[in-house]
Amino acid sequence: MIELKNVTKLYKMGDVRIKALNRVNLKVGAGELLSIMGPSGSGKSTLLNIIGCIDHPTYGRVFLDGRDVSKLSDRELTRIRLRQIGFIFQQFYLIPTLTARENIELPMREARVPREERRKRVRELLEMVGLADREKHYPNQLSGGEQQRVAIARALANRPKLILADEPTGELDTKTASKIMMILRELNTERHITMMIVTHDPTVAKKTDRVIVLKDGTIEKDITERAEIRKL
Amino acid sequence: MKPTQIFKRKKQAYLTVLAVGISVVLLISMKGIADGIFHNTLDDINKSKSDIVISGSNHGIVNGHSISSSISAMPEVNRVFASLTDVLAVRAPGRGVKYAMAQGLVPEDAQYFFTEEDRKRFPDEGCMGFSVPDDPHASGGAWTYEVLVDSNLARDLKIQKGDQIGLSRNATGAMVTFNVTGVFKSELQGRGITAGVYFVVLHLSELQSLLGLRDSDAVDSLYLNLRSDVRTDQSQVEDLRKTLEDMYPFYDIATKKDQIKKMEERMAMAEGFYTAIGMVSLMIGLLFVGCIMVISVVERTREIGIMRAMGISRKSIFIQIFGESSVLVLLGGLLGIPLGMAVGTAMSDYFASAVGVSETLVYFSPASIAYIYLEVVSVGALVSLLPAWMAMKMDIVSAMKGGDA
């Protein structure tokens, strides 16, 4: 599903060059649920952005479903993001002027999904995240947990194969965070969606099947053993 | 996104609509008043019974009565009437002195000199208030000492019909006593500065004598009313003009067509001035719109970054931002049209009542309104390109961090 070969990302900050990722090699199979951990500045979000086709690697290659995406044009990357990848962010990032339904519809409109089909999917997704009665609510009329559930529904709108979540529970209380993780887990199990979750929180990482630990732009650990994951 | 989303960003929407609306109000009201004045003057020229005007600057036509007689004898000409205008001091015994604009004419010419509407302001009796229709003093006869005063002067000097007043070139000069044979309604009924503008009308030759122009028989202008079959035939009018130019090469000779052309030239200059002011106001208004839209895009940096991350294309972002500002410009323009017409009409009414005239000084042509609207919308669309381009060009990663637009 995902393969990174010697991926390096350099940033320029004034005259200083910062190596956000250093020769990262990673393979993620279809339907995996994995988390990425590491201290601030370790390169977690950069890795997620590169896998999510938001950012280009400075060196190295990225393959999605066997296709090298590291040299694709902006238009092609946009198309991949729209149809194959769903994003979930720590601060939800719903469009404040759109209702829950309209937020979920937004990527479908861009993908030119017919109106009836859009409505059907919105209903299904809102029911799935338990917000069928919040369809016409604006983000500021929803709690943090509800907003994140709408964001999850939005990420699933175009039926992506891959979900990238950047600290999806970071802004939520423990109970709500647990519910969100349960939804993501179910999506992974029932829909076989590959899921990569960036987190600081070991309790979130413990709910995933594989944990990648990044340090200074390199993969320090790649934990797949359940027992080891439990020790986090 | 649906167009109605625009109005959920209330401040941006209302400010944009307001800025465009004000620009359109300014442009439409100014254009309406300029067109109104033009149409009014054009209407006056068209209604006038004078088909050709011979004029000389500052009482420049000498032997006015004799030239008038010669031209009257031409087969194309129905009537010739002369006019002389100057300022006279008017003294009412015991009530002070005022200066008035004096109009000298031959009473029987008044029906040609004034429009039918104007003549309604004058007394019914005699020949518009004069006892004799002709100008007896011109042919060496006696003075009539008849004068008509306007209602403003009658009010301020407490003059009424039958009173005697003194007229002179200036307040210190020897006054000649005239009999007030009628009071006519002033054209200027306003309460502003025009309330102090006075008019008197007297026999042409008597005004000439008061001004010391009797010997030269000087007048300002001669107006030619042509035979009905000639006045409708422009080629005959042009031929007559050429003949008159040959006969009187030192005078300015203008047909109605010439007068309209001259007026159009002046209007074109005024139009240029008006257009410059209008364009400046339009540019300021629309730059304001551009600034609001740029600020809006900067405020929405993160939102745009997220949308791009979700797979919304650059093109869609461009269309959305451009569409939003264009819809606001369109709406502001539409709102500005009735408001501009209302403001133009109100300003025209105010000026007309201040001056005291009953004319409507405003005219809204659908073509002008459509042109202004298209102009505003086009410039508005151009201005909207910048924020739309900025939004489209945003780097996703820095935009998601809420960074530089």
Express the carbon and sulfur contribution to the solvent-accessible surface of segment B:57-250 as a percent, rounded to the nearest whole number, probe 1.4 angstrom.
-> 49
Mean accessible surface per residue for the protein assembly as shown, computed with a 1.4 Å probe while every protein chain stays in place, in Å² = 47
Heavy atoms only, probe 1.4 Å: what % of the accessible area of chain A goes to carbon and sulfur, would you let me know?
-> 46
Going residue by residue through segment B:286-300, the Karplus relation 6.51 cos²θ - 1.76 cosθ + 1.60 with θ = phi - 60° gives ³J(HN,Hα) values, rounded to whole Hz and with x marking Gly or Pro, of 7, 5, 4, 4, x, 4, 4, 5, 5, 4, 4, 5, 4, 5, 9
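Starting from the Cα gyration tensor of segment A:115-179, take the square roots of the eigenvalues, sort them a ≥ b ≥ c, and report rounded, prolate or oblate (rounded when a/c is under 1.5, otherwise prolate if a/b is larger than b/c, else oblate). Let's see the in-between values first.
Values: a/c = 2.26, a/b = 1.33, b/c = 1.70.
Oblate is the answer for segment A:115-179, as a/c is 1.5 or above yet b/c matches or exceeds a/b.
Evaluate the relative contact order of segment B:130-286 (contact order divided by residue number), counting alpha-carbon pairs under 8 angstrom at least 6 apart; express in whole percent.
Values: 136 pairs, mean separation 28.7, N = 157.
Averaging sequence separation for qualifying contacts and normalising by length gives 18 percent for segment B:130-286.
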Which pairs, out of B:Lys47/B:Lys257; A:Lys19/B:Lys393; A:Lys175/B:Lys401; B:Lys10/B:Lys401; A:Lys120/A:Lys179, put more than 22 Å between their alpha-carbon atoms?
-> A:Lys19/B:Lys393; A:Lys175/B:Lys401; B:Lys10/B:Lys401; A:Lys120/A:Lys179
Taking 0.36 nm per intervening residue step and subtracting the Cα-Cα distance, what contour gain separates B:Arg314 from B:Phe250 on full extension?
-> 15.8 nm
Under the 7 Å Cα-to-Cβ spin-label approximation, A:Glu117 and B:Tyr14 lie apart by a distance in nanometres of 4.2
A versus B: buried accessible surface, summed, Å² (probe 1.4 Å, to nearest 100) | 2000
Name the residues of segment A:95-115 whose accessible area, probed at 1.4 Å, falls by at least 50 Å² once all protein chains are in place instead of their chain on its own?
-> A:Ile95, A:Thr97, A:Leu106, A:Glu110
With a 1.4 Å probe and all protein chains in place, put A:Glu225, B:Glu245, B:Glu76 in order of accessible area, largest first.
-> A:Glu225, B:Glu245, B:Glu76
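Pairs of Cα atoms under 8 Å, at least six residues apart: use those to get the relative contact order of segment B:51-100, whole percent.
21
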Heads up, I need the accessible area for A:Glu220: 1.4 angstrom probe, whole protein in place, Å², nearest 10.
-> 100
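For chain B, what is the relative contact order in percent, using Cα pairs closer than 8 Å and at least 6 residues apart in sequence?
Numbers: 689 pairs, mean separation 118.0, N = 405.
It comes to 29 percent, rounded to a whole number.
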SASA check, A:Asp74, accessible area w/ 1.4 Å probe, all protein chains in place, rounded to nearest 10 Å², comes out at 60
Just which residues of segment B:309-323 lose 40 Å² or more accessible area with every protein chain there, against their chain alone, with the probe set to 1.4 Å?
-> B:Ala309, B:Met310, B:Gly311, B:Ile312
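The values are calculated or read from the model by the stated rules, or taken from the named source; none is laboratory data. Not measured: the values here are computed from a predicted model. All Cβ positions, glycine included, derive from the backbone under ideal geometry; neighbour counts span all protein chains shown. What goes into the accessible areas is simple: the full protein's heavy atoms, side chains included, and nothing from ligands, DNA or RNA. Shrake-Rupley method; radii C 1.70, N 1.55, O 1.52, S 1.80 Å.
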